[in-house]
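What follows is a single structure, written as structure tokens, with notes after it.
The values are calculated or read from the model by the stated rules, or taken from the named source; none is laboratory data. Small disclaimer: the values here were computed from a predicted structure and weren't measured. Cβ placement follows ideal geometry from the backbone for every residue including glycine, while neighbour counts extend to all protein chains displayed.
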Amino acid sequence: MRVLIVLTYFHPYKSGLTIYALRQAQALVKMGHQVTVLTSQHEASLPNKARLDGVEVVRLPIAFRLSKGVVMPQMPVKAWRLINQVDVVNIHVPQGDAALIAILAKCLRKPVVLTYQCDLKMPEGWFNQLAGRFANLSSQIAANLADAVVHITQDFAEHSSFLQRYLDKLRIIQPPITVEVVSEEALEAFRDKYALSADRRVVGMVARLAAEKGVEYLVEAMPTILTVIPNVQVVFVGEYENVLGEQAYKKKILPLIDSLGDHWVFLGPLDEKEKAAFFHVCDVLVLPSVNSTESFGMVQVEALTCGTPVIASDLPGVRQTVLTTGMGKIVPLKNPDALAEAIVEVLESGLVVPPDAIQDIARHYSPEAVAGAYDALFKEVSGNDG
């Protein structure tokens, strides 16, 4: 089957959405599908066309940006041509072009599967809010036209003001998650490279430095944690210097982080091998997100498959990983005291994920399992159930 996946940002841009789409596309190719990804040329140095493990990537130049969104004048013509060549269109939202893609697909009588990643919450400011309303309207039009709407958990869908309208179209498909195997030698090399002492208790966080990630609540929890466990260090992985639309938040949060001295270190974005080593280094991974832009948190599963327990906010969808595995704690939103208490409890308990649980989790979230679910759905909406 010929599949077109459309999203605003794609590899090498790093986010939960882009990682999901990349793994999904590569796994579908391994099943024998022909997969094309249509996306933006979010960096001018990127080629307009590329091939990643069998996935054809088409990047369109950006004329200008609208907050976190982009305007690509070539999109209508290019999308029409590509949609005409495929059997099914998979739109990942939120994205501003979702409505356009869905309308073109319906004009060409091609089935549409909408993968709803998360609710969209924009930074403060009238322009950002206007851009957010446009993107939400676009996603709504696309969902109305879609043959099926995919999300990760029923929990999030039933609490989402957006997805509640489409429960009759809803299909639950888990995200594709893989973690590189790390040798003891590679683990030691990772510690040496980033000067991470084995004597420290490591609280890990993987995110962009963005307001919805709740970084300030971990910052505020640290003094309490340090009074009980003085050798704790937060190791933050992900973009923290140039996050789109988050300049004001960066200006607010960095002085607070600086006050913690060497109890907080930024590693920046890591490749998959180093990120796997990071998960093994962590004693606990925290996900203190504060709103529904976080609908699941794939990093939780990545950490668990490395034996590391997690602490997550009590958000629909996000809490499901801990609830289904029992490997960690759930804490109230925006509550640094509760977060500190949970971190101390997990660190002092020495909780680790047992090997049999690791195997079960890895199997359930494998890209092969996810691609199989999408394969069945694509055949269903295209009328090719054989």
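Which ones in region 335-386 are basic (Lys, Arg) and either over 24 Å from residue 312 (Cβ atoms) or surrounded by 13 or more Cβ atoms within 10 Å (Cβ to Cβ) (or both)?
Within region 335-386, 379 is the sole residue that qualifies.
What number of residues in region 208-267 are among the hydroxyl-bearing types (Ser, Thr, Tyr) and at pLDDT 90 or above?
4
Got a number for residues in region 83-109 being of a type outside the set (Val, Ile, Thr) and within 24 Å of residue 152 (Cβ to Cβ)?
Adding up the residues that qualify gives 10.
Does residue 342 meet the test of being closer than 20 Å to residue 226 by Cβ and free of Cβ contacts under 8 Å to residues at least 12 places away in the same chain?
Here the answer is no, as residue 342 does not meet what is asked.
Go through region 355-383 and give me each residue that's among the charged types (D, E, K, R) and free of Cβ contacts under 8 Å to residues at least 60 places away in the same chain.
356, 360, 363
In region 282-386, which helices (runs of 4 or more DSSP H) lie fully inside it and hold 1 or more residues that are in contact with a strand residue (DSSP E or B) (Cβ under 6 Å, 6 or more places away or on another chain)?
Counting at least 1 such residues, we get 298-304, 320-325, 336-349, 367-382.
Are there any pairs with C-beta distances below 6 angstrom linking a residue in region 308-327 that is free of Cβ contacts under 8 Å to residues at least 24 places away in the same chain to a residue that is small (Gly, Ala, Ser) and not in a loop (DSSP other than H, G, I, E, B), with the two at least 6 apart or on different chains, and if so which?
Hits for this filter: 322/312; 322/328.
Just checking, which of 128, 90 is in a helix (DSSP H, G or I) and in contact (Cβ under 8 Å) with a residue 24 or more places away in the chain?
128
Do you know which residues across region 178-195 are more than 29 Å from residue 293 (Cβ to Cβ) and surrounded by 20 or more Cβ atoms within 10 Å (Cβ to Cβ)?
182, 190
How many of the residues in region 140-177 are crowded, with 19+ Cβ neighbours inside 10 Å and part of a helix (DSSP H, G or I)?
The total comes to 7.
Take region 182-238 and flag every residue that is over 22 Å from residue 253 (Cα atoms), assigned to a loop (DSSP other than H, G, I, E, B) and either among the small types (Gly, Ala, Ser) or in contact (Cβ under 8 Å) with a residue 40 or more places away in the chain (or both).
182, 183, 194, 195, 196, 197, 198, 229
Mind checking which residues of region 196-234 are buried (at least 16 other Cβ atoms within 10 Å of the Cβ), within 25 Å of residue 348 (Cβ to Cβ) and among the charged types (D, E, K, R)?
200, 201, 216, 220
Just to check your reading of the model, which residue among 274, 239 is farther than 16 Å from residue 152 by Cβ, over 15 Å from the mean Cα position of the chain (by Cα) and not assigned by TED's automatic domain parsing to the domain that holds residue 117?
Result: 274 is the single residue among 274, 239 that is farther than 16 Å from residue 152 by Cβ, over 15 Å from the mean Cα position of the chain (by Cα) and not assigned by TED's automatic domain parsing to the domain that holds residue 117.
Would you check which residues across region 332-368 are among the acidic types (Asp, Glu) and either closer than 19 Å to residue 299 by Cα or touching a His at 6+ places or on another chain (Cβ under 8 Å) (or both) and list them?
Residues satisfying the conditions are 360, 368.
Tell me, which strands (runs of 3 or more DSSP E) wholly within region 1-76 include 2 or more residues that are modelled with pLDDT of 95 or more, of a type outside the set (Lys, Arg) and closer than 18 Å to residue 139 by Cα?
Here the list reads 2-6, 34-40.
Considering only region 93-122, state which residues are charged (D, E, K, R), in a loop (DSSP other than H, G, I, E, B) and surrounded by fewer than 24 Cβ atoms within 10 Å (Cβ to Cβ).
Result: 109, 110, 119, 121.
All but one of (1) crowded, with 21+ Cβ neighbours inside 10 Å; (2) under 15 Å from residue 174 (Cβ atoms); (3) touching a residue at least 40 places away in the same chain (Cβ under 8 Å); (4) out of contact with any Gly (no Cβ under 7 Å at 6 or more places or on another chain) hold for residue 295; which doesn't?
Of the numbered conditions (1) crowded, with 21+ Cβ neighbours inside 10 Å; (2) under 15 Å from residue 174 (Cβ atoms); (3) touching a residue at least 40 places away in the same chain (Cβ under 8 Å); (4) out of contact with any Gly (no Cβ under 7 Å at 6 or more places or on another chain), the odd one out for residue 295 is (4).
Just one of the numbered conditions (1) surrounded by fewer than 16 Cβ atoms within 10 Å (Cβ to Cβ); (2) at pLDDT 95 or above; (3) not hydroxyl-bearing (Ser, Thr, Tyr); (4) not assigned by TED's automatic domain parsing to the domain that holds residue 90 is not true of residue 284; which one?
If we test residue 284 against (1) surrounded by fewer than 16 Cβ atoms within 10 Å (Cβ to Cβ); (2) at pLDDT 95 or above; (3) not hydroxyl-bearing (Ser, Thr, Tyr); (4) not assigned by TED's automatic domain parsing to the domain that holds residue 90, just (1) comes out false.
What is the number of the single condition among (1) surrounded by fewer than 21 Cβ atoms within 10 Å (Cβ to Cβ); (2) within 19 Å of the chain's Cα centre (by Cα); (3) under 16 Å from residue 285 (Cβ atoms); (4) small (Gly, Ala, Ser) that residue 312 does not meet?
Residue 312 satisfies all of (1) surrounded by fewer than 21 Cβ atoms within 10 Å (Cβ to Cβ); (2) within 19 Å of the chain's Cα centre (by Cα); (3) under 16 Å from residue 285 (Cβ atoms); (4) small (Gly, Ala, Ser) except (1).
What number of residues within region 41-86 are among the charged types (D, E, K, R), surrounded by fewer than 19 Cβ atoms within 10 Å (Cβ to Cβ) and farther than 15 Å from residue 101 by Cβ?
So the count comes out to 6.
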